[in-house]
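This report concerns only the one structure given below.
The values are calculated or read from the model by the stated rules, or taken from the named source; none is laboratory data. Note that the structure is predicted; figures quoted are calculated from it, not measured. Here the Cβ positions follow ideal geometry from the backbone for every residue, glycine too, while neighbour counts run over all protein chains shown. The area values use the complete protein model at the heavy-atom level, side chains included, leaving out ligands, DNA and RNA. Shrake-Rupley method; radii C 1.70, N 1.55, O 1.52, S 1.80 Å.
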Amino acid sequence: IKPIHEEGTESDGKITWRYLGDGYGIVKINEYISPTSVKGTVEKELMPSLTDGTKASWRWEMELIGLDGIYPSSVDFFKDRLVLGINAKTGPELIFSKTGDYENFEDLTFNKVLADNAITLPILTDLNKIQWLCALDKLFVGTEGGIIMVKPMTENDVFGPNNITYDEISNIGTCKIKPVRIGDDILYLSRTTKDVYAIAYNFQSDSYEPDEVSISAYDLLDNGVTSWALQYEPNRIVWIVRRDGKLVGFTYNKKQSVRA
């Protein structure tokens, strides 16, 4: 019986097989000694070639998360992957887990990049820090300077490391308050928290466009917003908490062209 286990030992009924690894291990650094030496604890078994005490390896990398005290600032699920938004020192990054394996961020399988491997996507724009993530059929990323839309480069191919791209769809910055999803629309607050915008698909232009939906009652949000929540029944109302503690009810029904 061919062994299929990925850790520890397992018997095939006659022979006990010990899994050595798939080409890499994990070491937790406990003590810095010098630029070329540290002490650590082996979290995942290293290959025998690295443990015989006679060979060193240049094939290593630091962790993606936790380095220099930087941790995810936002999280969501997209295309059956866990997505983390990180504001690294080199700029904002999106980190996608392996497909269907939300705690696995391996970017290689036996030194090959496969379609279901984890993805690290640097956002190479001047849109500053990631504020939130919100997934529809595309992944929308709110930043201090605008909105980014992440999607497959080719819709008919599998979404993965070699089939991913992003576009800037708005230069209107947003705040840290997570958007509200209503059907296929996303409502989000501007950076000042005094304006509400909707991101919706426009069939005529074949694109997603932001639209200011609070313009007819902009004076009601002059104090700014601290939080909001969506009530589904009996009517779809977004309840908005202003900074002065008052409550504003925003009725939004795109199909019936209702904004009140």
* Return the lysines within reach of K2: Cα separation strictly under 27 angstrom, same-chain partners fewer than 8 residues apart disregarded; answer none if there are no such residues. => K14, K44, K98, K112
* Structure fact -> Long-range amide H partners of S74, meaning residues 5 or more apart or on another chain whose placed amide H is closer than 5 Å, are G85
* Which of Y71, I33, T54 sits farthest toward the positive end of the charge dipole of the chain, with +1 on the Cβ of Lys and Arg and -1 on the Cβ of Asp and Glu? -> Y71
* Structure fact -> From the cross-link list K138/K255; K178/K254; K28/K79, the entries with a Cα-Cα span beyond 23 Å are K28/K79
* Taking the chain and dividing mean pair separation by its residue count, relative contact order in percent (alpha carbons under 8 Å, at least six apart) -> 8
* **the chain: most fluctuating residue of Y208, Y102, Y32 per GNM, C-alpha cutoff 10 Å** => Y32
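What is the magnitude of the charge dipole of the chain about its Cα centre, with +1 placed on the Cβ of each Lys and Arg, -1 on the Cβ of each Asp and Glu, and no other charges, expressed in debye to the nearest 20? Working shown, then result.
Working: 28 positive and 38 negative charges, 108 e Å.
About 520 debye.
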* Relative contact order (%) - criterion: Cα under 8 Å, at least six apart; region: the stretch 1-93 -> 14
* To do: Given the options S227, S216, S170, state which has the largest fluctuation in a GNM of the chain using a 10 Å cut-off (strictly under) for Cα springs.
  => S216
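Taking the stretch 65-130, which trypsin sites (Lys or Arg not before Pro) meet the DSSP loop condition and have no more than 13 other C-beta atoms within 10 Å? Could the numbers behind the result be given before it?
Working: sites: K79, R81, K89, K98, K112, K129; in loops: K79, K89, K129.
For trypsin sites (Lys or Arg not before Pro) across the stretch 65-130 that sit outside H, G, I, E and B with at most 13 neighbouring Cβ atoms in 10 Å, the list reads K89.
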* **Given charges at Cβ of Lys, Arg, Asp, Glu: the chain dipole, positive-most of T192, T9, V42** => T192
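Roughly how many debye, to the nearest 20, is the charge dipole of the stretch 109-260 about its Cα centre, given +1 on each Lys and Arg Cβ, -1 on each Asp and Glu Cβ, and no other charges? Please report the intermediate quantities before stating the final value.
On the way: 16 positive and 19 negative charges, 119 e Å.
The calculation lands at about 580 debye.
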* Structure fact -> Judged on accessible area alone, 1.4 Å probe, highest first, K138, K176 line up as K176, K138
* Considering only I169, Q204, A229, whose Cα is most displaced toward the positive end of the charge dipole of the stretch 102-251, charges sitting on Cβ of Lys, Arg (+1) and Asp, Glu (-1)? -> A229
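Given a 1.4 Å probe and every protein chain left where it sits, what share in percent of the accessible area of the stretch 1-133 is carbon and sulfur?
Numbers: 5180 of 9460 Å².
Roughly 55 percent of what the probe reaches on the stretch 1-133 is carbon or sulfur.
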* Considering only K55, K178, K194, give the residue with the highest GNM mean-square fluctuation for the chain, with springs between Cα atoms whenever their separation is below 10 Å. => K55
* So which GluC sites (Glu not before Pro) in the stretch 142-234 are both in a DSSP loop and have at most 15 other Cβ atoms within 10 Å of their Cβ? -> E155
* To do: Give a quick list of GluC sites (Glu not before Pro) in the stretch 57-96 that DSSP marks as loop, anything other than H, G, I, E or B, with at most 10 other Cβ atoms within 10 Å.
  => E61, E63
* Asked: Hey, what do the phi angles of the stretch 149-165 turn into as Karplus ³J(HN,Hα) couplings, whole Hz, using 6.51/-1.76/1.60 and θ = phi - 60°, x for Gly and Pro?
  -> 10, 9, 7, x, 5, 10, 4, 7, 9, 5, 5, x, x, 9, 9, 8, 7
